[in-house]
Amino acid sequence: MSLKKGVILIIVEGGSEAVSFQDFLKKIEREKNVSFHLVEGDITTLENITPKTIESAIKEQLIKFDETNTDKLKIDDLVQIVHLVDTDGTYIDKSNIFEEKNIPFIEYDEEKIITKDKTKTEGRLERKALILNQLSKYNHIKGTYKRKKYNLHYSIYYFSRNLDHVLHNSTKNGLKLSEKMNLAYKFRRRFNGNIDNFIDYMNSEDFIAPGDYEETWNFIKIEKNSLKRYSNFHLYINESIEK
């Protein structure tokens, strides 16, 4: 894929993704700016978002970026959107979701989910599955803003069951924000700007999903894979290196 020089917008759920990746991705992209846009929570699980409205939700994030980024960048500066999400066990069968009313938070392992409200969790995951199915088929996000048209290459990559599981092999449930951020800074210090070691790690056979972009999305839907430790983010990293 050949793209003109410009800003790559990376949409992430929170600060831990930005801390973990920003230094390395900027070095990989070299001739392009990499700008991180933080979404408050996972837009793929919001109750008012559906497969029919998810594209509009992405476009709203573009407007927020245009209006609020501190570098005074505009949608006109963008050439690509990269969207990072957690799978949260989205594609597992409902028979692997169990209910326990007295637990303090949802518990995940590689075989099951335990939740206070089975019906609510099933509904959230079913909604998220439909939305991820839709987003993984998108190649571009097209629109008009301030009378100017844009046509941005779009791709979405996952961490299963979440970022902490993939990067740190953490199986602890209910991590606090401070704990997530500590892990993120530890990850950044671990490679200390060594881009080659970072690339090697992100291509680790311990967690890379097999296949090309479409195949990795098909793979994560199989049985309990969306609870296990997998990611397809290496595809974006490797593609960036090859440009």
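Output the relative contact order of the chain, whole-number percent, from Cα pairs under 8 angstrom with separation of 6+ residues.
That works out to 25 percent.
If each DSSP helix of 4+ residues adds -39,500 (n - 2.57) and the sum is divided by the residues in the chain, what number results at 222 nm, nearest 500 deg cm²/dmol?
Per the formula, -12000 deg cm²/dmol.
Find how many whole Å separate the alpha carbon centroid of the stretch 133-180 from the alpha carbon centroid of the stretch 193-243.
The stretch 193-243 and the stretch 133-180 have Cα centres spaced 14 Å from each other.
Roughly how big is the stretch 31-151's charge dipole about its Cα centre, with Cβ charges of +1 (Lys, Arg) and -1 (Asp, Glu), in debye to the nearest 20?
Dipole of the stretch 31-151, to the nearest 20 debye: 840 debye.
Would you kindly calculate the translational diffusion coefficient of the stretch 65-158, applying Stokes-Einstein with the Kirkwood radius from alpha carbon pairs, for 4 °C and a viscosity of 1.567 mPa s, and quote it in µm² s⁻¹ without decimals?
Value of D from the Cα-based Kirkwood radius: 80 µm²/s.
Gain in length, Ile241 to Lys52, computed as 0.36 nm per residue apart minus the alpha-carbon separation, to one decimal in nm?
This chain segment gains 64.6 nm when fully extended.
Go through Pro210, Phe233, Phe21 and say which Cα lies farthest out towards the positive end of the charge dipole of the chain; charges sit on Cβ, +1 for Lys and Arg, -1 for Asp and Glu.
Towards the positive end, the residue furthest out is Phe21.
List the pairs from Lys32/Lys74; Lys94/Lys221; Lys59/Lys137; Lys118/Lys172; Lys27/Lys221 whose alpha-carbon separation is above 23 Å, in the order I gave them.
Lys27/Lys221, as the Cα separations exceed 23 Å there.
Can you find, among Thr70, Val12, Asn48, the residue sitting farthest towards the positive end of the charge dipole of the stretch 9-111, where Lys and Arg contribute +1 and Asp and Glu -1 at Cβ?
Value: Thr70.
Pulled fully out, how much extra length does the chain show between Arg189 and Asp117, if you take 0.36 nm times their separation in residues and subtract their Cα-Cα distance?
Result: 22.1 nm gained on full extension.
Sorted from largest down, what three extents in whole angstroms do the Cα atoms of the chain have along their principal axes?
50, 41, 34
Dipole magnitude of the chain about its Cα centre, charges +1 at Lys/Arg Cβ and -1 at Asp/Glu Cβ only, in debye to the nearest 20?
840
Provide Rg and Dmax in Å for the stretch 137-185, with only Cα atoms included in the calculation.
Answer for the stretch 137-185, Rg first and Dmax second: 17.3, 48 Å.
Please list Tyr158, Tyr230 in order of solvent-accessible area, largest first, computed with a 1.4 Å probe with all protein chains present.
Listed by decreasing accessible area, they come as Tyr230, Tyr158.
Run the simple label-point estimate for Lys221 and Asp93 please: 7 Å along Cα→C-beta, distance reported in nm.
1.7
Extending each Cα 7 Å along its Cβ direction at Tyr213 and Lys149, get the distance between those two points in nm, one decimal.
Taking the simple label geometry, Tyr213 and Lys149 are separated by 2.1 nm.
The values are calculated or read from the model by the stated rules, or taken from the named source; none is laboratory data. Note that the structure is predicted; figures quoted are calculated from it, not measured. So basically every Cβ, Gly included, is an ideal-geometry build from the backbone, and we count neighbours across all protein chains shown. Side chains included, ligands, DNA and RNA excluded: accessible areas come from the protein's heavy atoms. Shrake-Rupley method; radii C 1.70, N 1.55, O 1.52, S 1.80 Å.
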